[in-house]
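The values are calculated or read from the model by the stated rules, or taken from the named source; none is laboratory data. Because the structure is predicted, anything quoted here is derived from the model rather than measured. In this analysis, Cβ positions are derived from the backbone assuming ideal geometry, glycine residues included, and neighbour counts consider all displayed protein chains.
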Amino acid sequence: MNSQWTRREVLRAGAVALGAAAASPISNAMMHGGASGGGWGGEDWYPLPVPDEVPANLPYLDCAPALVNLGDGQSRRVLAYNGQFPGPTWVARTGDTVTTTLRNGLASPTITHWHGLLVDFANDGGPLLEIEPGESYAYSFPIVQRAGLNFYHPHPHMLTGEQVCLGLAGAFIVRDSEEDALGLPSGPYEVPLILRDASFDSAGNLLYNPTMSGFKGKFPIVNGTLKPMLNVDRGVYRFRVLNGANARPFRLAMSNGMAMTIIGNDGGLLPSPVTVTEVLLGMGERLDVLVDFRSLSTAQSITLRCLDARWDLVKFVGSGQAGVSYSPPSVLSNIAALSGPAQPTRTFTFDGMSRINGQQYDPNRLDFTVPFGVTERWRFKTGGNAPHPVHVHGAHFKVVSRTGGRGRLYGWEGGWKDTVLLGDRETVDVLIRFEAYRGAYVIHCHQLEHESMGMMQNFRVV
Ligand SMILES: [Cu+2]
């Protein structure tokens, strides 16, 4: 074990805070539980910000400590992409070429992975490509997939959980003509909601203090703001929802029980809209959701909640202004069928908190090879310590069955996925075919403490 590994294990073993350089007393609301920490309700709400948008060609993507305001006016220390928390939202189209240079202004190795984007090994930002402090890494890749919401975040060996928790994460939106043709709500009526949780040290800075069940923050944060509120017009909104938490699934519902219409997930549009009153979103998963506020009267408010944490995530307040009407068509996208083997080609058991098929990740070990262009059936199983959101780099997949545990698939798990939630005692089968690139990729648990502790394997598409 070299000294770098030893240092990482030390980092991993204890709480990591970002120092007291920006010392400012934590607010009374925080110290006394406020509304965010203790359940429904609350007093102070702050405007929901929307991250800045950047194009495919961005000269630099800087990772560095920064001071940010989470809405309550305090200056708090985080790790940020280009000084922003969350990082800027990339917006690009199918066929565009993404170019940027990542610059590591952190005190530890990092690399940025484009979760959900189909890119070659050199651009995938996996743990084999990490760079040291002060180094940079040039990315250049075409967008070869359809529209959808993706997720960029660090992926260095054993440090992903810490760096994401301390603030490095952002959204990457791909658009295409198929999506354009639907005429979905846009402009102010299309709003990203990047969900996560957070804890703070005594100076109010972001704190990484995972426990045996992973990092569970005391407060929800949406788009980098505590207790955000959004004034909404009487119309339909399109929310692009990303679960950017380390270890917390969100069970989403509106406070008045109203329906939400899910039109897309990790891999873009669903075949057809799915109407729900609640939806469980695992770490790393995304949703494209329409919410109809046409019946919300002026100054009336409802919230988007996490039922499990008993948190109000975002408060929506009726503006009284007219918005847009929108009803999705019954067919959103013609998604080609994918047929494959009836029996599993490979089985992956997610064991304990740090192993797949009994082994912890070794960056120097190749765990398996996959033939290019061949449809395989992969089976994911676990004996416990779930939820394990299983994420595969290099291809999207179709979820075909879930047995044990919840014992069913959900409508929002249709279409194409890159992350699927594996619950206790569950067995989930997916059909997957690597047809974008040959090369080295990883499969891992997106409970980021599990990943950082070794619940990951290397494979090569050949
Ligand atoms: Cu896991």
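One line per residue, one yes/no per condition, for (1) within 22 Å of residue 49 (Cα to Cα); (2) surrounded by fewer than 20 Cβ atoms within 10 Å (Cβ to Cβ):
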site: 245; (1), (2): yes, no
site: 259; (1), (2): no, yes
site: 268; (1), (2): no, no
site: 284; (1), (2): yes, no
site: 305; (1), (2): yes, no
site: 309; (1), (2): no, no
Scanning the range 365-385 residue by residue, the ones that are among the polar types (S, T, N, Q), more than 9 Å from the ligand (Cβ to nearest atom) and in contact with a Leu (Cβ under 9 Å, 6 or more places away or on another chain) total 1
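Please go through the range 182-228 and give me each residue that is among the β-branched types (Val, Ile, Thr) and under 15 Å from residue 240 (Cβ atoms), ordered by number.
Of the range 182-228, the ones among the β-branched types (Val, Ile, Thr) are 191, 194, 211, 221-222, 225.
Result: 191, 194, 222.
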Residues in the range 386-395: is at least one over 23 Å from residue 111 (Cα atoms), at pLDDT 95 or above and more than 16 Å from the ligand (Cβ to nearest atom)? no
Taking the range 317-350 and keeping residues touching a residue at least 60 places away in the same chain (Cβ under 8 Å) and either within 16 Å of the ligand (Cβ to nearest atom) or closer than 30 Å to residue 210 by Cβ (or both) leaves 348, 350
Taking first residues from the range 376-404 that are in contact (Cβ under 8 Å) with a residue 40 or more places away in the chain and over 25 Å from residue 127 (Cβ atoms) and second residues anywhere that are near the ligand (Cβ under 10 Å from one of its atoms) and part of a strand (DSSP E or B), the pairs with Cβ under 7 Å that are 6 or more apart or on different chains are 383/351
Here the residues within the range 432-453 that are under 19 Å from residue 346 (Cα atoms) and either within 16 Å of the ligand (Cβ to nearest atom) or of a type in the set (Phe, Trp, Tyr) (or both) are 434, 441, 442, 443, 444, 445
